[in-house]
Amino acid sequence: MFIRSDIPKLKQDLTIQTHLLGHDLTLKTRWGVFSPRSIDDGTLLLMKYLKVSEADKCLDLGCGYGPIGLAVAKSCLKGEVHMVDKDFVAVELSNANAKLNNINNAKAYLSDAFLSVNKTEYFDQVISNVPAKVGREQLSIILYDAFDALKPGGKITFVTINGLRHFIKDNFKSVFGNYKKLKQGQKYTLHQAIKSE
């Protein structure tokens, strides 16, 4: 239990020093966003196996305070990264963290999944650490929107809790016609599909 005198300290941003995709990042976070104290295990698994080309155009879906999108942006210096979240605090933190790490090819903006993305056959990759409590209806909407947003040959890579792995596998196959399990850990599974050319 916290007392009143603890509150000013709790309102201050937290700082995470991390190393993702071969890049050092300093990230400001705060209470109320996902995994504010440290990079979560799902993101760490994703970062271990994700491959990014230097000219990729990527979308980080549900960016939080930006660890995935900003690490990807540092790996695709000739490309660009769109980071979207429906939480305005997450968007604010992502943009602040881009500035803090001198990253100029990533921008965060408010969007409920793809609602404000408005891009067709634009992205080389759509990447997400999918929240465990996202509904099956919302996931279906996201997958069809991701299909439309990806260029032919583009990849979708999701990390989810293991409990969603069969649902993701079935739906990747249904929407994209293919599915590859990149890695399954103790709690998380890394999924990928490719939009056929």
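Rule-based calculations on the coordinates, nothing more; no lab input. This one's a predicted model, so the numbers in the text were calculated from it and none came from an experiment. Using ideal geometry, Cβ is built from the backbone for each residue, glycine included, and neighbour counts are taken over all protein chains shown.
Averaging the Cα positions of each part gives two centres, and for segment 61-135 and segment 165-197 these lie 21 Å apart.
Tilt of helix 88-100 relative to the longest C-alpha principal axis of the chain, in degrees (0 to 90, nearest 10)? Around 80 degrees separate the two axes.
Number of Lys-Lys pairs in segment 1-68 with C-alpha atoms under 23 Å apart and a separation of 8 or more places or on different chains: 4. Simple point charges give the picture: +1 on the Cβ of Lys and Arg, -1 on the Cβ of Asp and Glu, and for the chain a dipole about the Cα centre of about 480 debye. Secondary structure note: in the chain, about 45% of the DSSP beta bridges are antiparallel. Taking the number of Cβ atoms within 10 Å of each Cβ as an exposure proxy, the fewest-first ranking of MET47, MET83, MET1 is MET1, MET47, MET83. In terms of other Cβ atoms within 10 Å, HIS191, HIS166, HIS23 run from fewest to most in the order HIS166, HIS23, HIS191. Distance between the 7 Å Cα→Cβ label points at PHE167 and LEU110: 2.7 nm. Give me the angle, in degrees from 0 to 90, between the Cα long axis of helix 136-149 and the longest principal axis of the Cα atoms of the chain, rounded to the nearest 10. Compared with the principal axis, the helix lies near 70 degrees.
Shown for ASP56, ASP40, ASP13: other C-beta atoms within 10 Å of each C-beta, ranked fewest to most, produce the order ASP13, ASP40, ASP56. Number of Lys-Lys pairs in segment 125-197 with C-alpha atoms under 20 Å apart and a separation of 8 or more places or on different chains: 22. According to the calculation over all Cα-Cα pairs in segment 62-197, the P(r) per 10 Å bin from zero is 12, 42, 37, 8, 0 %.
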